[in-house]
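Participant: Dropping a structure here in structure tokens format, bear with me for questions.
Since every read-out is calculated from the coordinates, none of them should be taken as a lab result. All values reported here derive from a predicted model rather than from experimental measurement. Glycine gets a Cβ as well: all are built from the backbone with ideal geometry, and neighbour counts include every protein chain shown.
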């Protein structure tokens with residue numbers, strides 16, 4: 001632990017804002033947060049961002065963005081990754097979008113074929129891997 005770490009912790013416990021602490025010691029806001037929380041990176045955090053993010057987290061990130069902080073600075077202040085801040089700003093849900101089922105696609109295909117007239121039949125035959133092909137179309141009588 002260096003003297004700057006001790007000074008930063010003292011100023012924080014005296015109630016000074018993180019921004020003024022960073023300006024006083026010419027260090028980034030992210031560095032101040034790391035010193036205060038005694039963490040070296042995301043690998044040492046005790047809670048996963050998935051557990052942190054919620055409506056309150058998203059609202060706090062948006063308010064900090066409104067105050068003029070950059071997304072990188074907000075990530076440092078909130079002690080999370082940059083992409084977590086992006087998700088909070090965009091209000092991305094954790095649920096994945098649902099895909100169309102195969103049954104739905106299969107049900108719609110025959111409907112289009114029912115309207116097509118079926119009075120013609122085509123038969124095709126090819127040899128030599130498609131080099132020569134024959135086809136014959138016949139008309140069916142009802």
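Participant: Full-extension gain between residue 120 and residue 37, please, as 0.36 nm times their residue separation minus the C-alpha to C-alpha distance. Each step should come with its number before you reach the end.
Facilitator: Numbers: separation 83, 0.36 × 83 = 29.88 nm, distance 7.74 nm.
In short, 22.1 nm is gained.
Participant: If R0 is 30 Å, what FRET efficiency do you get for residue 14 and residue 62 from their C-beta distance, rounded to 0.05? Can you show the working numbers first?
Facilitator: On the way: r = 29 Å, r/R0 = 0.96.
Taking R0 as 30 Å, the efficiency between residue 14 and residue 62 is 0.55.
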